[in-house]
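Report on the structure given below.
Read the figures in this text as sums done on the coordinates, not as results from a lab. If you're wondering where the values come from, they're calculated on a predicted model, not measured in any experiment. Cβ sites come from the backbone with ideal geometry, for glycine too, and all protein chains shown count toward neighbours.
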Amino acid sequence: MNFHEEYRNYNTIDLLKITIAPAQYMPEAVQAAEDILASRNVTPQERDAAEQFFAEQNVQKALKEVNRIEAKEKALSFLDPLLGDNAAQTGLQVRLFLFFAGLVYAYRVFTPVYLVLKGLLVYQLGLGTRQYILLLSASFLTVIYILMVIRRKAGWIIMAIWEILQWYTSASLVVSYLHDSDVVTYSVAITSVWNLLWSSILLFGLWQTPVAEHYDTTRLRRPIGLTAVFLVALRVVITYIYARGVAF
């Protein structure tokens, strides 16, 4: 390719751009630009204009890099406003756990509130005992998650106990359905499977060392876990002994 012929009609500023950033062009192209510029009377204003072009480009690249870094930091610290100044030290595992727990608890709070509102607005039902229990459960779950967010040891303990109970209840319903589908309906069994899955994941997260250290509950994991296993095993043994037809 004949760069001399191609660049002959280029204006001086465009040729200067080639010589200022030689790494972006082939050596033959840079040499052709320098040869043509040597035959021209290049003014200081033209050199300033070419240098200003690259200065503006560098500023734009720097701004893009800063925006990229800021976006990355925001993505990694999406829970920092909730956790406060200590969020940077909690580690990604703690934040992911709280994020997942927030999704699960948001769904668990939404469900009872939705059922109560549906009863009031659609079926014109009043607030009875069942509705109050549903609202109470939604309030209780909200309090648990708030305690977890503000880093209270009580939040970890209550969530651990609650999820153990959820796991136990859900497992009981699933086993009962498998034993006798007349006792537990299919829809209840499916819901129990999902609850069993969520509770298992949450319990696994609660027992992880970074999460336990964050709430200063490392020493509580073993006694709570062993107590839960003992109670479940005891109930299974009692059920097996009496063999009443419904597991757990």
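Some notes on this structure:
- For the chain, the longest principal axis of the alpha carbon atoms and the long axis of helix 129-149 meet at an angle near 50°.
- Modelled label positions at Lys61 and Thr209, each set 7 Å beyond Cα in the direction of Cβ, lie 4.3 nm from each other.
- Highest-first arrangement of 167-174, 58-65, where packing means the average Cβ count within 10 Å: 167-174, 58-65
- Dimensions (Å) - the chain, Cα atoms, principal axes, largest first: 105, 49, 37
- For the stretch 83-235, relative contact order (Cα pairs under 8 Å, six or more residues apart, normalised by length) works out to 25 percent.
- Shown here: the stretch 153-248, whose C-alpha atoms stretch 45, 29, 17 Å along the first, second and third principal axes, sorted largest to smallest.
- The stretch 89-212, Cα convex hull volume normalised per residue, Å³: 116
- Max-minus-min Cα coordinates of the stretch 177-231 on each principal axis give 45, 21, 11 Å, with the largest extent listed first.
- Magnitude of the charge dipole for the stretch 3-76, about its Cα centre and with charges confined to Cβ atoms of Lys, Arg (+1) and Asp, Glu (-1), is about 360 debye.
- Paramagnetic reach from Ile201 in the stretch 95-125 [backbone N under 18 Å; point 7 Å along Cα→Cβ]: 95-111
- Here is the list for the stretch 1-55: trypsin sites (Lys or Arg not before Pro) lying in DSSP coil, each with at most 13 other C-beta atoms within 10 angstrom of its C-beta, are Arg8, Arg40.
- Extension gain, Thr227 back to Arg8 (0.36 nm per residue minus Cα-Cα distance, nm): 70.2 nm
- Here the relative contact order of the stretch 3-76, from alpha carbon pairs under 8 Å that lie six or more residues apart, stands at 33 percent.
- Folded to 0 to 90 degrees: helix 27-38 orientation relative to the chain principal axis, Cα: 40
- Relative exposure of Leu220, Leu136, judged by other C-beta atoms within 10 Å (fewest first): Leu136, Leu220
- Charge dipole (debye, nearest 20) of the chain; +1 at Cβ of Lys and Arg, -1 at Cβ of Asp and Glu: 1800
- For the stretch 92-196, the list of trypsin sites (Lys or Arg not before Pro) that fall in a loop by DSSP and count at most 15 other C-beta atoms within 10 angstrom reads Arg152.
- Full extension of the chain between Val42 and Tyr107 yields a length gain of 16.4 nm, computed as 0.36 nm times the residue separation minus the alpha carbon distance.
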